[in-house]
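The values are calculated or read from the model by the stated rules, or taken from the named source; none is laboratory data. Just so we're clear, the structure is a prediction, and the values are computed from it rather than from any experiment. Here the Cβ positions follow ideal geometry from the backbone for every residue, glycine too, while neighbour counts run over all protein chains shown. SASA here: full protein model, heavy atoms, side chains in, ligands and nucleic acids out. Shrake-Rupley method; radii C 1.70, N 1.55, O 1.52, S 1.80 Å.
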Amino acid sequence: TESTPTRVQSHAVVDSYHFDVQIFGSSLPVRVMEALTMADVDDQISVKVEASGWAWMVCGERLIIWKVSQTSVAKLSVCKDLQLPSSEFVYSADLISITSSSPLDSAPTQVSALAVSPDGSARFWPSLAHDGTYTETSLDLGGHVCKCVATVKGGSFIVSSYRGHLLRLAPDSSGKLHQRPVQQGQGMLSGIGRRVSSLFGIRGQPVFSVLWVKETGCLYSLGSCGLSKWEVDENGETQVLSWSTNQIITDSITDAIWDSESNYSEIKKGVKVSYLDMQYSKAGLVVLAAAWHPGDTPCVAYFCLVTLAESTAPSPDLLTVEVTKYNPPFQEELQKTRLVLPDPSSPAAYLYTEELVFTCSTGAGRGGLAEEKISFSSPGDRIRGGGVCACLPVFFSQNSGLVAVLARESASLLPETMEDSLCTSVEVSFQGTPFETPPNTHMVAQEDRTKLLKQAFLQFCRHDLVGAQSMVDEFFPSDGEGAAELDAVVTQIDLDLVDDFPACDPRWAESVPDEGAGFTLTSLILLHQLEDKMKAHRCLMDFLLQTGLLDRLTSTAVHMSPMATRLLLCEHAEKLSAAIVLKNHHAKHPELVNTAILSALKKSNTDIPSNLTPADVFFREVSQISSIFECLLDEEEKALKEHSDAARWAEVVLNVNDIVKDMLQAAAQYRETKASLYRAPENCSPEPEYIPWTAGGVRTVITRQHELILHAAYPHADVELRAVLSEQLVALLDSLLSGYVAQLTSLRRAGQQERYVTLENEYTQKRSELLAPLLELGQHQWVAALAEKYCDFDILVQLCERTDNQSRLQQYMVKFADQNFADFLFRWYMEKGKRGKLLSQPIATHQQLASFLQAHDHLSWLHDIHAHRTLYSQANTETRYFSKKKTLLALSKLTALVSDMPEAVHHIVEQERFLLHQETLPKQLLDEKQLDPDSMPLLSPRNLIELYICNENRGANEYDFKKALDLLEYLEEDAVDTDALKREIFSKALKKDWKESWASSDDNDDPLEAARDSTFIRILQKLIQEGVSLQSYLPDVKDLLQEDELESLKSKPYFEFLLRANYEHYLKAHI
């Protein structure tokens, strides 16, 4: 045991710009130091550091395991020196692992250790307290060399060979190891033998990395056949995923590095990718890979971090590829490069080899580290291993022992290249250092104020907020002279950043070959420069926000017109976004973009130094990025004139459309997503009119492109090409119109009404000019999309009229109700002389139409007549619902009365009289038949008759039977035997009378008196009251007696006597 001092000691081990490399934990145990001292130069030494605070070193066949103290109080630390099994192969620290029944990061009383020799001999120490006691087992690795050992759940281990054989090792209570293969391919491949499974790539394939993730209880294996995942518990493991990821990863890496090359398709075939390491992050698994192309001169190894988000199937959408700036010359030893991720929730990453640590980011989240190469190059020094301890990246230096790499709090927020450039720009401002203020703080020139604010900005970036705020308060007080120049100074600094000369790029100092000749770094360098400028811009915005300067900004003159300074700063960032997009297109279409770039530089009389490419010069001055648009159109126009074959010019037109569209959309997306950052403070004074840079000269470009496409390209394109051209053109028009909307929005304030009206008229006219041709070409879907978005009601009405789509018009009336679409439509019909359509609007719009027609008396009466006809027509066609028909008739009657149309009223009254028969059906009967008055169907006359005279109408009286007789007139005589139906009605009434009264009468009673109160007699009396001639109306008594309903009463002589006596009496009495 040895004593251990503090966790991180303050003195630096190596030099670094952004990081402090400091001694971690205690000084090394004596046994470790002895082993290092006694080791020969050729001895292979490797070290592993675990998050639990344990570390071990393998030196030859000697294993030293120790607990690293992480406290500032000196205490005893465990350190054990063990002998490894003999082997003809070289050991590494990856072949060792430790476990304990209690957490290792606590103070376990018993720690076990497993060591596996490269040739598969396992030695297990059940307790380090008894280091002389161990068991040994020979492992079945299929004759292959062991690659690594990992501790998993239940005190057991996973052992992997280089050829993908995975074993689960578990010790019993005596310390004896038991081994079995890890369960493979649950599902369709489960249960198959080793020979068959090898056909599916499960076994025998090279393994690059095996990773155990304690937090999730999952085991991962990355091999030549892809990525596999197991869920591991104490007793077993289940393979849950098996992805063929390698080709997708390789293609994504290749695209990220070489797609700028003109011979990309050839290069792609020769690219080599080597997978080096794998670590876990919350964004997904992070794979360290190196890519190179043997044909490159010089041959460079590009180190990449690929984050693979977990899903049920691999997809390029799930990959994030970060090409780091660590690009050393290719050498076979790149396999020794490893990856450390200290915090799974952070993108901060560390690559290390024996000679260096490279700090970078996974690219799969916000933040990350400044990219820097930290060399361990002092004599005799080597990095022998590393890992994570106390959430810090810890490495084992041959000379210094365990060291931690800590990001300096004073390290600048700016990318290193931008930091250097900014320092250079202020160093010449005054005598002394950049942070010495001039003796006289009054009457400072604007140029000097710019440099002073740059100094304050630099201090802010170096985490000296107090110093930065002090400089701002001194030189830019809110009521001082500097306040008047603040907008100009801030604008100049941001412009300097986005147009910064990349002084750290050696190509600005040395001659380079032509970009098309395979200079592979060009694309990456330019992209990094643009991304660094964007980071610098964001730092500046943060500086302005935190020092209170952002809310004090007002306006700046741009092209002799005022513009809100905040929006001008946003414009700079938008142009950077567009420039990054253009650079990506430059990689895909180098010939087209290079030609346009040369043209743009020529028009601006910009010199191109012999040691730079045109792209270097053009992409440096980001503020002038929009000059490319006109030049791209020139190239397109040239292609259209020179080539009659569509296949020749179509590619140019489509590419130009894509480039312009994507650049404008990237700018718009930045503007929308970052709007809150550039929003004006509350209660600020009115701002000047806002003209987006994508609106000014770009409007002319898009208008020209609109004309070129529709007149020069579209007529000669086939159907498929026309569809693509239309879609691209609509996206361009969307950018143009959105610029108008933003400009109009900025004018919605007092004092700008006249300017607003002028611009709105220009916008309306331009919108119509751009959309109308597309409507003529039948591109209805795209026209509708734009017209709806930008409320071009004229185009929408024309579209619906052309397609005779009235339902769509009704939808627009609802959708744009708050913008009076209905009034526009009615006015449009008036102006076009389509009064018939105006007066044939659906019922839902009648109230709006009536309001509109109040100003048109000569048409309002036509509307009233038409309303009646429409309602009456709908009532006549309604055959399903009784209540709806009744309502429609009532509304129709109302409009007819208002319009003074008595004849129409008469027809409606007739229909209402019929409906009254259904409306007055007895409630008892409706309940019996389960009919709801509000939802019952419209019943036919025959249905109503049957209901009135049915047995279920137990309370039927003379009124019910009389209604049944009245309903006979609504029947069509040709379709129904009305006489038979009449006999049925009377026979039902007579049968009811016999049951209720006649059967109880005495044979000696007066037949007239006996039947006086019967239903039958009351029906006759009602008919007489209405003036009906009974002789012609009543059925013959003989025919009546033959009715089926009266069959049972034929045997009753008294019934026939009563019936005939009353028949005779009433027929004679009313001749």
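Using θ = phi - 60° and the Karplus form 6.51 cos²θ - 1.76 cosθ + 1.60, what ³J(HN,Hα) does each residue of the range 644-651 get, whole Hz, x for Gly and Pro?
Using θ = phi - 60°, the values come out as 7, 6, 4, 4, 7, 8, 4, 4 Hz.
Relative contact order of the range 737-799, please, whole-number percent, based on alpha carbon pairs below 8 angstrom and at least 6 residues apart.
Relative contact order here is 27 percent.
Report the label-to-label distance for Leu334 and Gln924 in nanometres (one decimal), using points 7 Å from each Cα along the Cα→Cβ vector.
10.0 nm
Rg over Rh of the range 614-662, using C-alpha atoms and the Kirkwood radius, what does it come to? Don't skip to the end; give the middle numbers.
Working: Rg = 12.6 Å, Rh = 11.8 Å.
Result for the range 614-662 is an Rg/Rh of 1.06.
Any chance you could look up the accessible area of Val145 with a 1.4 Å probe, heavy atoms only, rounded to 10 Å²?
The accessible area comes out at roughly 50 Å².
For Val41, put the label point 7 Å out on the Cα→Cβ axis and report which residues of the range 393-407 keep their amide N under 19 Å from it.
398-399
Determine the sum of side-chain charges near Gly143: Lys and Arg each +1, Asp and Glu each -1, restricted to other residues whose C-beta is under 11 angstrom from that of Gly143.
-1
Using Cα pairs under 8 angstrom and six or more residues apart, how large is the relative contact order of the range 575-678, in percent? Mind showing how you got there, number by number?
Numbers: 73 pairs, mean separation 40.7, N = 104.
Relative contact order comes out at 39 percent.
How much length is gained if the chain between Lys588 and Glu1047 is pulled fully straight, taking 0.36 nm per residue apart and subtracting their Cα-Cα distance, in nm to one decimal?
Length difference between fully extended and current span is 155.3 nm.
Per residue, how much accessible area does the range 210-270 have with a 1.4 Å probe, in Å²?
Averaged over the residues of the range 210-270, the accessible area is 43 Å².
Please give the solvent-accessible surface of Tyr1063 in Å², to the nearest 10, using a probe radius of 1.4 Å with every protein chain present.
20 Å²
Which one, Cys791, Val814, Ala772, is farthest towards the positive end of the dipole of the range 756-830 when Lys and Arg carry +1 and Asp and Glu -1 on their Cβ?
Projecting each Cα onto the dipole axis, the largest value belongs to Val814.
For a Förster distance of 22 Å, can you work out the FRET efficiency between the beta-carbons of Ser378 and Ser27, rounded to the nearest 0.05?
0.75
Per-residue HN-Hα couplings for the range 1048-1053, Karplus 6.51 cos²θ - 1.76 cosθ + 1.60 at θ = phi - 60°, whole Hz, x for Gly and Pro?
Residue by residue, the range 1048-1053 yields 6, 9, 5, 7, 9, x Hz.
Mind ranking 578-591, 166-179 by how tightly packed they are, going by the mean number of other C-beta atoms within 10 angstrom, highest first? Display every interim value, and only then the final one.
Details: 578-591: 21.0, 166-179: 15.8.
For the peptides 578-591, 166-179, the packing ranking is 578-591, 166-179.
If packing is taken as the mean number of other Cβ atoms within 10 Å per residue, what is the order of 459-467, 915-923, 389-397, highest first?
Ranked by mean Cβ neighbours within 10 Å, highest first: 389-397, 459-467, 915-923.
Taking the Cβ of Lys661 as the centre, find all other residues whose Cβ is under 11 Å away and add up their charges (Lys, Arg: +1; Asp, Glu: -1). Could the numbers behind the result be given before it?
Details: positive: none; negative: Asp658, Asp662, Glu727, Asp734.
Combined, the nearby Lys, Arg, Asp and Glu give -4.
Using DSSP to call loops (not H, G, I, E or B), can you name the GluC sites (Glu not before Pro) in the range 1005-1058 whose Cβ has at most 15 other Cβ atoms within 10 angstrom?
Glu1026
Any chance you could run the full-extension gain for Glu1026 through Arg679? It's 0.36 nm times the residue separation minus the Cα-Cα distance, nm to one decimal.
116.4 nm
Could you go through the range 278-289 in sequence order and give the Karplus-derived ³J(HN,Hα) for each residue, using 6.51 cos²θ - 1.76 cosθ + 1.60 with θ = phi - 60°, rounded to whole Hz, and x for Gly and Pro?
Working through the residues one at a time gives 8, 9, 9, 9, 5, 7, x, 6, 10, 9, 8, 9 Hz.
Going through the range 681-744, which chymotrypsin sites (Phe, Trp or Tyr not before Pro) have at most 10 other Cβ atoms within 10 Å and a DSSP loop state? Write out the running numbers ahead of the final one.
Numbers: sites: Tyr690, Trp693, Tyr740; in loops: Tyr690, Trp693.
Within the range 681-744, no chymotrypsin sites (Phe, Trp or Tyr not before Pro) qualify (loop, at most 10 other Cβ atoms within 10 Å).
Stretch Ala51-Thr745 to full length: gain in nm at 0.36 nm per residue minus the Cα-Cα span?
Details: separation 694, 0.36 × 694 = 249.84 nm, distance 5.65 nm.
Length gained, Ala51 through Thr745: 244.2 nm.
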